[in-house]
1. Only one residue in ALA66, ALA57 is out of contact with any Ser or Thr (no Cβ under 9 Å at 6 or more places or on another chain), among the small types (Gly, Ala, Ser) and modelled with pLDDT of 95 or more, so which one is that?
2. Counting only residues that are over 27 Å from ARG593 (Cβ atoms) and over 25 Å from the mean Cα position of the chain (by Cα), which one in the range 343-374 is least open to solvent (accessible area, probe 1.4 Å)?
3. Which pairs do you get when a residue that is closer than 13 Å to SER238 by Cα, found in the range 137-151, comes within reach of a residue that is surrounded by fewer than 24 Cβ atoms within 10 Å (Cβ to Cβ) and of a type in the set (Lys, Arg), reach meaning Cβ atoms under 7 angstrom, with the pair 6+ apart or on two chains?
4. Got a number for residues in the range 171-190 being at pLDDT 95 or above and outside any loop (DSSP other than H, G, I, E, B)?
5. Which number in (1) buried (at least 22 other Cβ atoms within 10 Å of the Cβ); (2) part of a helix (DSSP H, G or I) marks the one condition that MET325 misses?
6. Take the residues in the range 447-461 that are assigned to a loop (DSSP other than H, G, I, E, B) and of a type outside the set (Ser, Thr, Tyr); name whichever of them is surrounded by the most Cβ atoms within 10 Å (Cβ to Cβ).
7. Here is a list: LEU253, LEU247, LEU272. Which entry is part of a helix (DSSP H, G or I), within 12 Å of the chain's Cα centre (by Cα) and closer than 30 Å to ALA303 by Cα?
8. Filter the range 133-170 down to the residues that are within 19 Å of the chain's Cα centre (by Cα) and outside any helix (DSSP H, G or I), then identify the one that is surrounded by the fewest Cβ atoms within 10 Å (Cβ to Cβ).
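The values are calculated or read from the model by the stated rules, or taken from the named source; none is laboratory data. Here the structure is a predicted model, which means the values were calculated and not measured. Cβ placement follows ideal geometry from the backbone for every residue including glycine, while neighbour counts extend to all protein chains displayed. Note: areas computed on protein heavy atoms with side chains; ligands, DNA, RNA excluded. Shrake-Rupley method; radii C 1.70, N 1.55, O 1.52, S 1.80 Å.
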Amino acid sequence: MPAAPGASARRKKRNMLYVLLNWCWLSITAFLTGFVFLAPFERLGYRPKRVTGVWMAGLAALTGYAQVFSLFGGVGAGANLLLALFCVLSAVLLRKRLAEFWRLRRKELSRPKLLLLAALTLLLAYGTSRGFLHVDTDLYHAQAIRWIEEYGVAPGLGNLHSRFAYNSAAFALCALFSMKWLFGQPVHAAQGFLALAVAIQCVCGLLTLGTGRRVRISDFMRLGAVYYLTVLFGEIVSPATDYFAMLLVFYVLTAWLDELEAGEKNAAPYALLSLLLVFTVTVKLSAAVLLALALKPAAMLLAGKKWRQIGLYLGLGLLICLPWMIRGVLISGWLFYPFTFVDLFSVDWKMEKGYADSDAKEIQVFARGLYDVNLYDTPFAGWAGNWFSRLRGMEKLWIVSCVLCAAADAASLVICAAGAWKRRRKGSSFLGRDWLLYGAVLLIGYLFWQFSAPLVRYGYAYVIALPAGTAGFWFCFLTASGGEKAGMRNARMGGTAGGGRERGTGAARSVFLLCAGVFLLYKAADLSAAVRSSAGQPYYVRQQGYGEYEAVAWELDGITVYVPADGGKIGYDKFPSAPRVQDIELREKGNLRAGFRPSDG
């Protein structure tokens, strides 16, 4: 039943310590789940080398688990109890493999590195305890998470609030680790943990520059991700789906480069990263453009006629998508709301096609800065100037960089295409077919965002990745010389099979380290200012909660539904809510679990 509006007053004791406790549980369960998932791939010659990679596999698996659980009921204490039993059993059965994994990892951890990672954890926990709650979080994110916590999924939920029909898989993960049943209030820290995983990926990779290795393209991508993390720092308290998706995109793009630049010839790492991209699509449908990267492992497996492995990865991809698609049909009646090009189901709770089409257009209009419905079909030249003028200073700089780097990236593709053609009998090289695909995906990702829905938060990763990747390519290509350049052209850029330390030209490496150092110090100063500005907030003991807003009551077939009194924001406590009084009805009077449908009257 709906919670009384006064219930929020009883939830004021929000302990910041809950963030760290929540992360402990999340990190343990994600690691063990990911380790179990990746263990069978040892037969294919793949072993996880990084904790962050295991975490990401675990987060994808746990999100799928939460979505499946939501089909049968609320994702709360029961889901966590079952997960705990699974993790205990896994730890016992795989104890030898786990011991070996951690034995190898301990060799890589020095005391200064451990202290740095601990400081990074505390910094991001601080950011997760307070900050700016995204507008959409109080519009519908918090409510969507609470629906999954308490009911799982209800047929026709999109009729109550159309934004629920966007059906981001990230909300299922948030609900699983919200843990209101334990802490007495919802903890919204899952996005902060994802940001921590990406930050660790960046820091650990950049620290290896101290071993004397060559500068890699992935170093530029890491610096781009660091920039995004500093921009996001003030908002990681908010479980916003755009941020979830962009963090996942940065992780995959960086990890993909790590494998390429290490000269990885096994298809398994690329196939697994492709599966992580499939998971990213379930978080934000617009990420589907990056699935083009899957052409690499597909080509490798087809060339080797490894049909069983192809079937395995296709099956796993379908397994990742299936619960998300089932939830989508249950919530809206459409497979990919708000897109109606796939119309397979005729159910009584189905949202109207015209409404869905209008919703899709509204996203584009809002993203382009056009607020008159008569401007839906305005050509690019008609809205680009108005859109650009609304951007903030650094956003404008990134867009200008993207335009310039689009041409530079296209030039790099021409060079690589020519090189790949000349060396076609010698097989693929990183400066050939591999960059040809990767560079093309960077360019296509940016162009897709620019010409569809170019709100910066919708595609910040695309806006940063194109300049970062292109700058990295040209830096590495132009600073290599002599035999070293020849080595790069034989897929040795950034890695060697022989295990010797990689060394680039000293001057180029020094220039990069100097520029990177200045950049990191500048961003550290930014973070210090952000920490100082929020130091007076009373969240050292309490975590900042969801927003609280005035609402009016609407009686819907015996159920009290709350409607925002002004501005559309509603928060978490006034549940269930709708953006306005609508012409809908319960599918079964007095039963929220039965769902909603358009009213016949």
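1. ALA66
2. LEU370
3. Filtered contacts from the range 137-151: ASP138/LYS569; LEU139/ARG163; LEU139/LYS569; TYR140/ARG163.
4. 7
5. Against the list (1) buried (at least 22 other Cβ atoms within 10 Å of the Cβ); (2) part of a helix (DSSP H, G or I), MET325 comes up short only on (1).
6. Per the criteria, the residue is GLY459.
7. Exactly one residue qualifies, and that residue is LEU253.
8. HIS134
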